[in-house]
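The values are calculated or read from the model by the stated rules, or taken from the named source; none is laboratory data. It should be emphasised that the depicted structure is a prediction, and the values quoted were computed from it without experimental measurement. Using ideal geometry, Cβ is built from the backbone for each residue, glycine included, and neighbour counts are taken over all protein chains shown. SASA here: full protein model, heavy atoms, side chains in, ligands and nucleic acids out. Shrake-Rupley method; radii C 1.70, N 1.55, O 1.52, S 1.80 Å.
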Amino acid sequence: QVQLVESGGGLVQAGGSLRLSCAASGSIFSFNDMGWYRQAPGKQRELVATITNGGTRIYADFVKGRFTISRDNTKNTVNLQMNSLEPEDTAVYYCRARGRSYYWGQGTQVTVSS
């Protein structure tokens, strides 16, 4: 029944910005935390950022202060603001929710050109 729908991906030039959104089918408080992962071709899926119900945020080292994860409880969405994008950020970005089990969105493509 859980549905996670990502949006906001696209193609940008290096140094540009994108804002990804993940819309959940129900209250995001149904989950212990929500986050974003990414997977580049030939690479393992890796954590980008997570945020708990209490607002605790965790970021991967490669974020380097460039990204911000946030929640909109009214809209049941989790967002990822990405600034200063680099070609190395090119990947499919997936929304992930953790509750009784893990739930994943379909992914949205982010491509950063040099």
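Listed by position, the strands (runs of 3 or more DSSP E) inside region 26-80 whose residues that are under 17 Å from residue 8 (Cβ atoms) number at least 2 are 33-39, 46-52, 67-72.
A single entry from 8, 42 fulfils the requirement of being of a type in the set (Gly, Ala, Ser), more than 22 Å from residue 100 (Cβ to Cβ) and without any contact (Cβ under 8 Å) to a residue 12 or more places away in the chain: 42.
When each of 96, 66 is tested for being more than 15 Å from residue 5 (Cα to Cα) and either open to solvent by less than 50 Å² (accessible area, probe 1.4 Å) or over 12 Å from the mean Cα position of the chain (by Cα) (or both), the lone residue that passes is 66. Examine region 49-58 for a residue that is open to solvent by 30 Å² or more (accessible area, probe 1.4 Å), closer than 14 Å to residue 107 by Cα and among the polar types (S, T, N, Q), and state whether such a residue exists. No, every residue in region 49-58 fails to be open to solvent by 30 Å² or more (accessible area, probe 1.4 Å), closer than 14 Å to residue 107 by Cα and among the polar types (S, T, N, Q). The residues in region 75-93 that are more than 14 Å from residue 46 (Cα to Cα) and open to solvent by 10 Å² or more (accessible area, probe 1.4 Å) can be counted, and the count is 9. State all residues of region 26-44 that are open to solvent by 30 Å² or more (accessible area, probe 1.4 Å), at pLDDT below 90 and under 16 Å from the mean Cα position of the chain (by Cα); if no residue qualifies, say none. Across region 26-44, the qualifying residue is only 32. Filtering region 11-25 to residues that are open to solvent by 50 Å² or more (accessible area, probe 1.4 Å), outside any strand (DSSP E or B) and touching a residue at least 60 places away in the same chain (Cβ under 8 Å) leaves 14, 15, 17.
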